[in-house]
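Reading through the structure tokens given below for one structure.
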Amino acid sequence: MKQYLIGVHADGIGLVASFVCALHCLLMPLMFSLVPLWLEGYMSHPALESAMVVISGLIASYATGTGYYRHRCVLPLVMLLIAFVLIATGSFSDEGHVEVWMTSSGALLLAAAHVVNWKMLHAWNRP
């Protein structure tokens, strides 16, 4: 099974998407304090956040699923599941600091899952 989306390695796309998500989660509180109302309505819109979660979930599921098919290591899948539990828990939290730390931690763990999956694939492909 191919590990590529639009000609790019799926874990590479997932890694970039995870870091963008983590930066979004970490920098939004700072941006809210520096740039009034304009960004608040745009960047924290629930549709944007939901779209980011769905897109990163699809990429991560594809990358780790096809990776598991080849290397049979469950660690990236476990990391992926824990990451999405953190992201979902943070997204439904009413307290701002809990949301920031949970979603940011989830995004960083998701990026780490892509790195582990990528390394497992490279180790599996070696002669």
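The values are calculated or read from the model by the stated rules, or taken from the named source; none is laboratory data. It should be emphasised that the depicted structure is a prediction, and the values quoted were computed from it without experimental measurement. Neighbour counts run over all protein chains shown; Cβ positions are idealised from the backbone, glycine included.
General remarks:
- Residues satisfying the stated conditions in the range 68-91, i.e. crowded, with 18+ Cβ neighbours inside 10 Å and in a loop (DSSP other than H, G, I, E, B): Cys73
- When Asp94 is tested against (1) charged (D, E, K, R); (2) more than 14 Å from Ala63 (Cβ to Cβ); (3) outside any loop (DSSP other than H, G, I, E, B), only condition (3) is not met.
- Answer from Ala22, Ala47, Ala51 - the residue that is at pLDDT 70 or above, on the phi < 0 side of the Ramachandran plot and under 11 Å from the mean Cα position of the chain (by Cα): Ala22
- Filtered residues of the range 92-111 (kept if crowded, with 16+ Cβ neighbours inside 10 Å and aliphatic (A, V, I, L, M)): Val100, Met102, Ala107, Leu108, Leu109, Leu110, Ala111
- Qualifying residue in the range 2-16 (condition: in a loop (DSSP other than H, G, I, E, B), charged (D, E, K, R) and modelled with pLDDT under 80): yes
- Among the residues of the range 100-124, those identified as in contact (Cβ under 8 Å) with a residue 60 or more places away in the chain and over 16 Å from Ala10 (Cβ atoms) are Val100, Thr103, Ser104, Ala107, Leu108.
- Residues of the range 54-99 that turn out to be more than 13 Å from Ala10 (Cβ to Cβ), modelled with pLDDT of 85 or more, over 13 Å from the mean Cα position of the chain (by Cα) and not small (Gly, Ala, Ser), as a count: 8
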